[in-house]
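A.B. asks: Take a look at the following structure, please.
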Amino acid sequence: MQGAAQPKSQQAFSKPDPEKLNQFLGKFVQDLGAAMSAALILVGDELGLYRAMAQAGRPLSPKELAELTSTDTRYIREWLAGQAAAGYVTADEECEHFWLTPEQSFTLGEEGSPAEIIGGFQIVASVMKDQHKITEAFRGGNGVGWHEHHPMLFEGTERFFRSSYSANLLENWLPALDGVVEKLKTGAKIADVGCGYGASTILMAQAFPKSHFYAYDYHPASIEKARQKAWKAGLSEHIEFKVSTAKEIPNEQYDLVCMFDCLHDMGDPVGAAKHVLGTLKPDGTWMIVEPFAHDDMKNNINPIGRVFYSASTMICTPASKSQEVGLALGAQAGEKRIAEVVKKGGFTRFRRAAETPFNIVYEAKP
């Protein structure tokens, strides 16, 4: 019948606005370039290309960089071109010589830098390898445990978060907690729950030699790697690494319990909170570090939220759903939901103690 309303299924294929279409395709080109560039960044990291450029401290030709890194000149030339186009290295006008600016060197060429970013690309590579597992989890509503991911996730997570901890933990986060630094200086008991490779534990143990640290993670391979790193740092006598879930850590009557970027991954965070409360001294403190998030989703629809919602979809939510209860807070839970978990766990005092563009630090007390 003439004049009838067009079916919705056909409306979806109506002619797009040319200007808006070009804008959207431009975004696609940017995203596609970023995705392809991620692989080049990992190549550069593994071959030591960034480190060689940083150490050289001057413009290098492709041949010179190839000689410094025992690699093939033709491959290096193509890699440098891609990296220059991405803005990760800098080129002269004729694209004959390439170098790192101080900012590029600080983030890419200096291992252990407080702004090192390469671990983030390792995380990206790991979730691409595990995409098929998450796709199946979507279909059945099942979980995918942390231990079921590609090992690159574990290393990438340690490298990515270590830079943030190096920049903030000792100078900003711990001092923001009421009376905690004074206890650590004189000698305290600290539990680092969900410690992974032990980056946070090692930083604190180095800074506070009079204190004793207990580090826990349910993933045996991570605990073994953490022990190796602590031994290399000469801290084996100051840190005890044990395999344990958050709800099973021994009751040592801790002065401080820390959870770095892991509470939202737990299947039963309320149960974990209740257990933490029972392991603290009466005047103890629970420090909870979580990804930065607003309470309302609409306020998280931004570049940082894009990263965290993507990671939450591929890592955090599946991890929680693989465990008992499976509350699935997600990486963008927000302060209101974290506060609810803490208070249901029996804590009477809760506050936001510090924040960065990527993290919020909460303080909870009995």
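The values are calculated or read from the model by the stated rules, or taken from the named source; none is laboratory data. These numbers were taken from a predicted model, which means no experiment stands behind them. Because the Cβ atoms are built from the backbone with ideal geometry, glycine has one as well, and the counts that use them run over all protein chains shown.
A.B. asks: Can you pull out every residue in the stretch 239-286 that is part of a loop (DSSP other than H, G, I, E, B) and over 20 Å from Thr348 (Cβ atoms)?
C.D. replies: Answer for the stretch 239-286, where residues must be part of a loop (DSSP other than H, G, I, E, B) and over 20 Å from Thr348 (Cβ atoms): Ser244, Thr245, Ile249, Pro250, Glu252, Asp261, Cys262, Met266, Gly267, Asp268.
A.B. asks: Still on this structure: May I ask you to list the residues in the stretch 73-119 that are farther than 22 Å from Thr356 by Cα, under 23 Å from the mean Cα position of the chain (by Cα), part of a helix (DSSP H, G or I) and among the hydroxyl-bearing types (Ser, Thr, Tyr)?
C.D. replies: Within the stretch 73-119, Ser105 is the sole residue that qualifies.
A.B. asks: Another question about this same structure. Residues that are modelled with pLDDT of 95 or more, buried (at least 18 other Cβ atoms within 10 Å of the Cβ), over 24 Å from Val144 (Cβ atoms) and touching a His at 6+ places or on another chain (Cβ under 7 Å): does the stretch 218-231 have at least one?
C.D. replies: Scanning the stretch 218-231, I find no residue that is modelled with pLDDT of 95 or more, buried (at least 18 other Cβ atoms within 10 Å of the Cβ), over 24 Å from Val144 (Cβ atoms) and touching a His at 6+ places or on another chain (Cβ under 7 Å), so the answer is no.
A.B. asks: Let me confirm something: among Pro114, Pro62, which residue is under 22 Å from Arg162 (Cβ atoms) and either of a type outside the set (Lys, Arg) or surrounded by 13 or more Cβ atoms within 10 Å (Cβ to Cβ) (or both)?
C.D. replies: Criteria check complete, one pass: Pro114.
A.B. asks: Take the stretch 41-51 and flag every residue that is over 20 Å from the mean Cα position of the chain (by Cα) and surrounded by 20 or more Cβ atoms within 10 Å (Cβ to Cβ).
C.D. replies: Those that are over 20 Å from the mean Cα position of the chain (by Cα) and surrounded by 20 or more Cβ atoms within 10 Å (Cβ to Cβ): Gly44, Leu49, Tyr50.
A.B. asks: While we're on this one: Hey, among Glu335, Glu340, Glu355, Glu324, which residue is without any contact (Cβ under 8 Å) to a residue 40 or more places away in the chain and under 30 Å from Phe213 (Cβ atoms)?
C.D. replies: Going through Glu335, Glu340, Glu355, Glu324 in turn, the sole match is Glu340.
Condition check ((1) in the same structural domain as Asp45 (by TED's automatic domain parsing); (2) crowded, with 19+ Cβ neighbours inside 10 Å; (3) within 15 Å of the chain's Cα centre (by Cα)) across all residues:
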position	(1), (2), (3)
Met128	no, no, no
Gln131	no, no, no
Phe138	no, no, no
Asn142	no, no, no
Gly145	no, no, no
His149	no, yes, yes
Met152	no, yes, yes
Glu155	no, no, yes
Phe160	no, yes, yes
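A.B. asks: Since Phe138 meets every condition but one in (1) closer than 25 Å to Ser310 by Cα; (2) touching a residue at least 60 places away in the same chain (Cβ under 8 Å), which condition does it not meet?
C.D. replies: Of (1) closer than 25 Å to Ser310 by Cα; (2) touching a residue at least 60 places away in the same chain (Cβ under 8 Å), only one is false for Phe138: (2).
A.B. asks: Taking the stretch 79-90 as the search range and keeping residues that are free of Cβ contacts under 8 Å to residues at least 40 places away in the same chain and farther than 15 Å from Lys63 by Cβ, which one is surrounded by the most Cβ atoms within 10 Å (Cβ to Cβ)?
C.D. replies: Val89
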